[in-house]
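K.L.:
Handing you this structure, nothing more for now.
The values are calculated or read from the model by the stated rules, or taken from the named source; none is laboratory data. Because the structure is predicted, anything quoted here is derived from the model rather than measured. Because the Cβ atoms are built from the backbone with ideal geometry, glycine has one as well, and the counts that use them run over all protein chains shown. The accessibility values were calculated without ligands, DNA or RNA, using every heavy atom of the protein model including side chains. Shrake-Rupley method; radii C 1.70, N 1.55, O 1.52, S 1.80 Å.
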Amino acid sequence: MAGRSSPTTVSTKLQKIATLAREEPQRVLTTLAHHIDVDFLREAYRRTRKDGAPGVDGQTAAEYAEDLESNLQSLLDRLKSGTYVAPPVRRADVPKEEAGESRPIGIPTFEDKVLHRAIAMILEAVYEQDFLDASYGFRPGRSAHQALQSLWEQLMRMHGGWVIKVDIKRYFDTLPHNHLRSFLDQRVRDGVIRRVIDKWLKAGVLEEERVSVSDAGVPQGSGVAPILSNVFLHQVFDRWFEHEVQPRLRGKAIFYRFADDIAVVCATEKDAHRIMAVLSKRFGKYGLTLHPDKTRVLGFRRPPVRSLGEWDQRLAGPESFDLLGFTHYWGRSRRGQWVIKRKTATGRLSRALKRINTWCRRYRHAPVVWQHQQLVQKLRGHYAYYGMVGNDRGLKHFRYGVRQRWQKWLNRRSQRSGMTWDRFACLLERYPLPNTRIVHGAPSA
């Protein structure tokens, strides 16, 4: 199409916003929405996932794309004129590691996803200049594995330490809107952008044909929720810890945050308990509650040794802790040195196998060729995240569990038990499951 701008043009707009925000860190930005035009929305559409579940209107990405230019122009007109109406998000519950608990996920309409992406692109250009290096969650060019790598390196340099594992109860569901608005006021006051964000916050959640509206929470699953949640915790925790907590401590203390998963590493036990004593008050001031059992101080010092042999069993050994799906613990390297090792957290492994079992049961009558293709993708996806040096046993456990569940439900395709283990072994020769693979190499201290 003649005159259509390229992703490079949109990138130039975002770079201008980023440069302005970086050069004037104290400036409140009031004119940002003029950067959003049809070309900007088209780029937001390109960046939006097309395979997600439909929202309350039932419209799929393919249906929206049938008249894409007209739909984007209509969306832009409604956004700029203030006539845009935010539909409620459809709620779906995803099981958590804890028995009987689930995590609510919000599913917006596809058009909302496109607008979420456009607004998130603007906000990211601004706030990426403000966010601290210790924040890793849902940020461009950053990942959970980078957070894990940085944490590993710091703990190894400090020979361990005292770790505060911070757990916020139902963070995305309880984030107060009034505090979020006040934090946004400090940086972004563009009328169009703030108006549409307010509409999303007030749109409510559709569950069992009822729409419920609350003055707290941002639905997980919406494209704008990650940046809004990062803005909130940047003010509540990150800046507070850097400017007020660290200068008052005697020893070294560093934090790592991935969305609402926070770990603080302290060199001294006294500093760890001093921080722990004020955490609940700090989060409570902004309407958040810490989980009383999961938020605690863990002794994670390198095990004491009497010689090159085992550590003195009369002394208390270090505790382990879970972060981002991995259990961190001290173990021996091949050279006999104490190193921090990581393995798949028990809860994550159990949940992953439950999902495989549910999937195999649901599609047990599907063609075996298709089942094999899907299971291969699931295994490779698991290896891509959990394939870390030292986690061989966890990967093999998962692969073995997938084999067991696949055989189990193939054997129940009919009343006749036809898929014995001998027959299944022959089937695996024709349709082999991928072997475990280490994707993330050994970290260097």
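K.L.:
Give the long-range amide H neighbours of Lys341: residues separated by 5 or more places, or on another chain, with amide H under 5 Å away, using H modelled in the peptide plane at 1.01 Å from N.
P.N.:
Result for Lys341 returns Tyr329, Trp330, Gly331.
K.L.:
Another question, then. Using the Cα atoms as the points, what is the convex hull volume per residue of the chain in Å³?
P.N.:
In the chain, the Cα hull volume divided by residue count equals 195 Å³.
K.L.:
Quick check: Cα centre of region 231-282 to Cα centre of region 158-175, how many Å?
P.N.:
Rounded to whole Å, the Cα centres lie 10 Å apart.
K.L.:
Here is a further query. Name the most mobile residue of Tyr171, Tyr127, Tyr64, meaning the one with the largest mean-square fluctuation, in a Gaussian network model of the chain with Cα contacts below 10 Å.
P.N.:
Greatest mean-square fluctuation among the candidates belongs to Tyr64.
K.L.:
Around Leu395, under 11 Å between beta carbons, what's the net of Lys plus Arg minus Asp minus Glu among the other residues?
P.N.:
After counting each charged neighbour, the total is +4.
K.L.:
For region 202-265, list log₁₀ I(q)/I(0) at each q in 0.20, 0.30 Å⁻¹, using the Debye formula over Cα point scatterers of equal strength and ignoring solvent, two decimals each.
P.N.:
-0.85, -1.29
K.L.:
Let me ask you something else. Within 10 Å, count the other beta carbons around each residue, average over each peptide in 419-429, 319-329, and list them highest first.
P.N.:
Top to bottom by mean Cβ count within 10 Å: 319-329, 419-429.
K.L.:
Each residue of region 339-350 in order: what ³J(HN,Hα) in whole Hz does its phi give by Karplus 6.51 cos²θ - 1.76 cosθ + 1.60, θ = phi - 60°, with x for Gly and Pro?
P.N.:
Those phi angles translate into 9, 7, 10, 9, 9, 4, 4, 4, x, 5, 5, 4 Hz.
K.L.:
If you average the sequence gap of Cα pairs under 8 Å that are 6 or more apart and divide by the length of region 58-158, what percent do you get for the contact order?
P.N.:
18 percent
K.L.:
So with the 1.4 Å probe, I'd like the accessible area per residue for region 165-239, rounded to whole Å².
P.N.:
Averaged over the residues of region 165-239, the accessible area is 41 Å².
K.L.:
Can you list the lysines whose alpha carbon is less than 18 Å from that of Lys285, not counting same-chain residues fewer than 8 positions off?
P.N.:
Leaving aside lysines fewer than 8 places away in the same chain, those within reach of Lys285 are Lys169.
K.L.:
Past 28 Å, Cα to Cα: identify those pairs from Lys165/Lys343; Lys199/Lys354; Lys50/Lys294, in the order given.
P.N.:
Lys199/Lys354; Lys50/Lys294
K.L.:
Give the peptides 291-300, 330-339 in descending order of average Cβ contacts within 10 Å, highest first.
P.N.:
291-300, 330-339
K.L.:
Using the Karplus curve 6.51 cos²θ - 1.76 cosθ + 1.60 with θ = phi - 60°, work out ³J(HN,Hα) for each residue of region 245-258 in order, rounded to whole Hz, and write x for Gly and Pro.
P.N.:
So the Karplus estimates, Gly and Pro as x, are 8, 4, x, 8, 8, 7, x, 7, 8, 9, 10, 9, 10, 10 Hz.
K.L.:
Continuing with this model, one more query. Eigenvalues of the Cα gyration tensor times 5, then square-rooted: what semi-axes does that give for region 327-443, in whole angstrom, largest first?
P.N.:
Calculated on Cα positions only, the semi-axes equal 32, 13, 12 Å.
K.L.:
How many percent of Cα pairs in region 356-412 exceed 17 Å?
P.N.:
Percent of Cα pairs beyond 17 Å in region 356-412: 36.
K.L.:
Take the solvent-accessible surface of the protein heavy atoms, probe 1.4 Å, and return the percent of it on the chain that carbon and sulfur atoms account for.
P.N.:
Carbon and sulfur: 48 percent of the exposed surface of the chain.
K.L.:
Now a separate question. Using the alpha carbon gyration tensor of region 163-319, what are the three equivalent-ellipsoid semi-axes (square root of 5 times each eigenvalue), largest first, in whole Å?
P.N.:
Taking √(5λ) for each Cα gyration eigenvalue gives 39, 18, 12 Å.
K.L.:
Also, I was wondering about something else. If you filter region 18-95 for GluC sites (Glu not before Pro), then keep DSSP loop positions with at most 12 other Cβ within 10 Å, what is left?
P.N.:
Passing sites in region 18-95 are Glu66.
K.L.:
Starting at the first residue of region 357-373, write each ³J(HN,Hα) from the Karplus equation 6.51 cos²θ - 1.76 cosθ + 1.60 with θ = phi - 60°, in whole Hz, x for Gly and Pro.
P.N.:
4, 4, 5, 4, 5, 5, 10, 5, 8, 6, x, 4, 4, 5, 4, 4, 4
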